[in-house]
Amino acid sequence: MTGGIACGKSASGEALESLGVPVLDTDAVGHDLLSNDPSVKAELRERFGPAVFDGDTVDRKALGRVVFADESTRRSLEAILHPRIQTRVRQWLATTGAGRLAAVQVPLLFEVGWEGEFDRIVCVACSPAVQRERLRGRGLGDSEIDQRLSAQLPVEEKMKRSNIVIWTDGPKERLAEQWRRVLDAIKD
């Protein structure tokens, strides 16, 4: 599962889990690495310095401000995290997802070239107005929203490159129903 920032991937993950599908969220894997992997912290400290730390804890907001302001800096963070995330995804699929339907949330699926790793790709999408409204609800200003949106492929491109599109402008009940239909179609 992929999609743009604030397009409903987390709500989709919850809907899938409620339907009995195990879900791995690569954002959560990345957060775990930032919090708990000493080698990641060491590489971050070496690359970005103390400004992205609060003591020994990675300050994700400070890190976000730094990496979304400059593409090469963002690429440096991705070079640290993405190989480790991909390893964890493969391990999870080999155990939890082996022989059964499972979902992996990968916001930057196409950007990192992982589309070949999966049988089907579902893009979770919403209108640009709803997306921006959701991001404002997270406390981001317009310039921060623009930075984050420009760091990803446009949602329209992700939709074109996916097998299935789930539209999330409506209520959560509609989202769950869309996922039920997708699962029924996949199982057939």
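Here are Glu157, Glu177: which of them is loosely packed, with under 15 Cβ neighbours inside 10 Å, modelled with pLDDT of 95 or more and of a type in the set (Asp, Glu)? Give the derivation first.
Values: Glu177 fails: modelled with pLDDT of 95 or more.
Exactly one residue qualifies, and that residue is Glu157.
Could you tell me how many of the residues in segment 142-154 are open to solvent by 30 Å² or more (accessible area, probe 1.4 Å), without any contact (Cβ under 8 Å) to a residue 24 or more places away in the chain and farther than 18 Å from Val112 by Cβ? Lay out the reasoning, then the answer.
Residues of segment 142-154 open to solvent by 30 Å² or more (accessible area, probe 1.4 Å): 142-144, 146-150, 152-154.
Retained after the next criterion (residues that are without any contact (Cβ under 8 Å) to a residue 24 or more places away in the chain): 142-143, 146, 150.
Right, trim to farther than 18 Å from Val112 by Cβ and you get 142-143, 146.
Residues flagged as open to solvent by 30 Å² or more (accessible area, probe 1.4 Å), without any contact (Cβ under 8 Å) to a residue 24 or more places away in the chain and farther than 18 Å from Val112 by Cβ within segment 142-154 amount to 3.
Working carefully through the options Trp92, Trp167, find the one that is among the hydrophobic types (A, V, I, L, M, F, W, C) and closer than 20 Å to Asp27 by Cα. Lay out the reasoning, then the answer.
On the way: Trp167 fails: closer than 20 Å to Asp27 by Cα.
Every option except Trp92 fails the conditions.
For segment 9-20, name all the residues that are more than 25 Å from Thr87 (Cβ to Cβ), in contact (Cβ under 8 Å) with a residue 40 or more places away in the chain and open to solvent by 20 Å² or more (accessible area, probe 1.4 Å).
Narrowing segment 9-20 to residues more than 25 Å from Thr87 (Cβ to Cβ): 11, 14-15, 18-20.
Adding the requirement that they be in contact (Cβ under 8 Å) with a residue 40 or more places away in the chain leaves 11, 15, 18-19.
Ala11, Ser18, Leu19, listed by residue number.
Among what's in segment 26-49 and is in contact with a helix residue (DSSP H, G or I) (Cβ under 6 Å, 6 or more places away or on another chain) and of a type outside the set (A, V, I, L, M, F, W, C), pick the residue that is most open to solvent (accessible area, probe 1.4 Å).
Arg47
Name the residue, out of Val52, Val66, Val58, Val23, that is touching a strand residue (DSSP E or B) at 6+ places or on another chain (Cβ under 9 Å), buried (at least 17 other Cβ atoms within 10 Å of the Cβ) and either at pLDDT below 95 or over 30 Å from Cys126 (Cα atoms) (or both).
Numbers: Val66 fails: touching a strand residue (DSSP E or B) at 6+ places or on another chain (Cβ under 9 Å); Val58 fails: touching a strand residue (DSSP E or B) at 6+ places or on another chain (Cβ under 9 Å); Val23 fails: either at pLDDT below 95 or over 30 Å from Cys126 (Cα atoms) (or both).
On inspection, the qualifying residue turns out to be Val52.
So which helices (runs of 4 or more DSSP H) stay within segment 1-59 end to end and still have 1 or more residues that are closer than 22 Å to Phe118 by Cβ?
Values: elements: 9-18, 26-36, 38-48.
So the answer is 9-18, 26-36.
Scan Ser76, Ser143 and give me the residue that is in a helix (DSSP H, G or I), farther than 30 Å from Arg181 by Cα, more than 18 Å from the chain's Cα centre (by Cα) and of a type in the set (S, T, N, Q).
Ser143
Just name the residue that is least open to solvent (accessible area, probe 1.4 Å) out of those in segment 160-174 that are out of contact with any helix residue (DSSP H, G or I) (no Cβ under 7 Å at 6 or more places or on another chain) and more than 14 Å from Cys123 (Cβ to Cβ).
Selected residue: Gly170.
One residue is enough: does segment 81-94 have a residue meeting the conditions in contact with a helix residue (DSSP H, G or I) (Cβ under 9 Å, 6 or more places away or on another chain), part of a helix (DSSP H, G or I), open to solvent by 20 Å² or more (accessible area, probe 1.4 Å) and more than 27 Å from Leu153 (Cα to Cα)?
For segment 81-94, residues in contact with a helix residue (DSSP H, G or I) (Cβ under 9 Å, 6 or more places away or on another chain), part of a helix (DSSP H, G or I), open to solvent by 20 Å² or more (accessible area, probe 1.4 Å) and more than 27 Å from Leu153 (Cα to Cα): absent.
The values are calculated or read from the model by the stated rules, or taken from the named source; none is laboratory data. Remember, it's a predicted structure, so these values are computed and weren't measured experimentally. Heads up, the Cβs are rebuilt from the backbone with ideal geometry, glycines too, and the neighbour counts pull from every protein chain shown. Note: accessible area is taken over every heavy atom of the protein model, side chains too, but ligands, DNA and RNA are not part of it. Shrake-Rupley method; radii C 1.70, N 1.55, O 1.52, S 1.80 Å.
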